[in-house]
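Read-outs throughout are calculated quantities, based only on the coordinates presented, and are distinct from any laboratory measurement. Just so it is clear, the model here is predicted, and its values are computed rather than measured. Backbone-built Cβ (ideal geometry, glycine too); neighbour counts: all protein chains shown.
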Amino acid sequence: MLRSTGTIVVTAVWGLSILPLEAAAQGGPEARVAIALSDVTVVDLVTGELLQQMTVLIRGNRIASVGPASRPPEVDSVIQIDASGKFLIPGLWDMHVHLFSNVDRPGTDNADRYFPMFIANGVTGVRDMWTDLEDLQVVRRWREETASGMLIGPRIVATSTILDGPDPSYENSLAIGTAQEARRVVDSLVASGAEFIKVYERLPQDVYFAIAERSRDLATPFGGHLPLGVDAANASDAGQKSMEHLLQMREMCLPDRGQFVAEYRRRASSDFPEVSSSAGQWAQDELRKSYASEYCAGVLQRLRENQTWQVPTLVLTRARDVLLRDSSVLNDPRLRFVPNATRRSWARETGGGPAGWQLFRTYSRLVPVLHAHGVPILVGTDIGSWYLYAGFSVHDEMELLVDEGKLSPLASLQAATLNAARYLNALDSLGTINEGKIADLVVLDANPLEDISNTQRIHAVVLDGRYFNRTALDSMLVTAEELARGERKPAPQ
């Protein structure tokens, strides 16, 4: 229930992004009024405690105070929002998205559909994983417009274009063949404003380590895919800040990866045409045994001490390698948010079967090993890939981290909130609900620590101090659906 004290009037406004919304004030941050979420249960994501019957006061885009509901905020005019029976968590982050379609059409962005879907799902921040220099200019404009209130969208952390080897995975990435060239490229990218250097899996060893060295020299973080010729421990020691999709991580605890691969190929060739099921089972068993070895403990210690972040993207592996032929995927009601051309493209993909399940299980079983040894984990989805949905898939990933990765609901929720703030060195402003922090919040109808699926029961979202009730969030989803059907034109760029 919403009620006002003083003379403040709440009105509806429209951003330049043509997203319908309900805001707590008109105009920019300087015009915002104070908002009090009263009688709410605050989820403390550091301790896992539930702080009941609290009042959270928001002034401007910051949390002004957090205290007992029995102590009313000391302000003259405040919008009081009755949040009794509700649970309050920090805004969620998707730490692996693709806002730009750089594989097919460099510079084409999907913000008009993605932004309302993110916010409606409580995702208030994202890390874009392929941001070329032209894209970076767009990101900077988005940041200015969201800060001014003209655009409703998430906070965005941008990377660079992809740096790959001389035979790159994607033709639009930067192909680098020598260490000298690698240093020049990093210099150029950083001088042009790149905020993060993204490495990819076909980089030769000498080129990769030249990128790592130059990035460290320029105090610019680097991360991305673990190259095929570089093991996880050495990449961690070189300073790679994040490793995506657990690629090459399955074999991180094998002292001799080459011997393992040779034996797998020998077994797989004798399996033909049985989809290499017995070879896959052998590999899965060998990998699982390796995780309990003394050698593995040393590798995991290096990852932990170096704070090398892992972004499992289990939701991607499941979609890519397991479920492409599953009727629940092919008939997912969330396909209404996807343009017909994209849906037809997704439908042409094929995959799944026993080998896909084995791969998914192997990745899933690696997650609790990493977590148990203190290796930090982030929630990411790889939005832009098939059968993934902006905002929605963050909740899918959190569920998979619990159901398949055996994390607790608290640990899964931390991976999408507190850990993102730690990764970004932004604990002073994000990640928890404390006085002075940015007011990016999600109001839930049920306790997420009892059941992680309760993060989907969103009652309201507070974005940069602006309150969006369920009606406003549903309107955002309608906008995204209309854009997907071509019934609404994208906002002018």
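Summary table below
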{"quantity": "Within-12-Å neighbourhood charge of Q259 [Cβ basis; K, R +1; D, E -1]", "calculated": "-1"}
{"quantity": "√(5λ) per eigenvalue of the Cα gyration tensor, the stretch 80-183, largest first, Å", "calculated": "34, 14, 12"}
{"quantity": "Dipole magnitude of the stretch 383-493, debye to nearest 20 (Cβ charges: Lys/Arg +1, Asp/Glu -1, about Cα centre)", "calculated": "340 debye"}
{"quantity": "Assigned charges on the beta-carbon of Lys, Arg, Asp, Glu; the chain dipole about Cα centre (debye)", "calculated": "320 debye"}
{"quantity": "Rounded, prolate or oblate (a/c below 1.5 giving rounded, otherwise prolate when a/b exceeds b/c) for the stretch 303-448 by Cα gyration tensor", "calculated": "oblate"}
{"quantity": "In degrees, nearest ten, helix 354-372 long axis to first principal axis of the chain (Cα)", "calculated": "70 degrees"}
{"quantity": "Note, ³J(HN,Hα) from phi for the stretch 51-65, Karplus 6.51, -1.76, 1.60, rounded to Hz, x at Gly and Pro", "calculated": "8, 8, 6, 10, 10, 10, 9, 10, 10, x, 10, 10, 7, 7, 6"}
{"quantity": "Qualifying lysines (Cα of each under 29 Å from Cα of K241; at least 8 residues distant if same chain)", "calculated": "K198, K289, K406, K437"}
{"quantity": "Residue-count net charge about R288 - beta-carbon cut-off 14 Å; Lys, Arg +1, Asp, Glu -1", "calculated": "+2"}
{"quantity": "Additional length obtainable on full extension of the chain from R485 to D332, 0.36 nm per residue less Cα span", "calculated": "53.5 nm"}
{"quantity": "Alpha carbon convex hull of the chain, volume per residue in cubic angstrom", "calculated": "142 Å³"}
{"quantity": "14 Å beta-carbon shell around A297, net charge (K/R +1, D/E -1)", "calculated": "+1"}
{"quantity": "Counting DSSP beta bridges with both ends in the chain, the antiparallel % (nearest 5)", "calculated": "50 percent"}
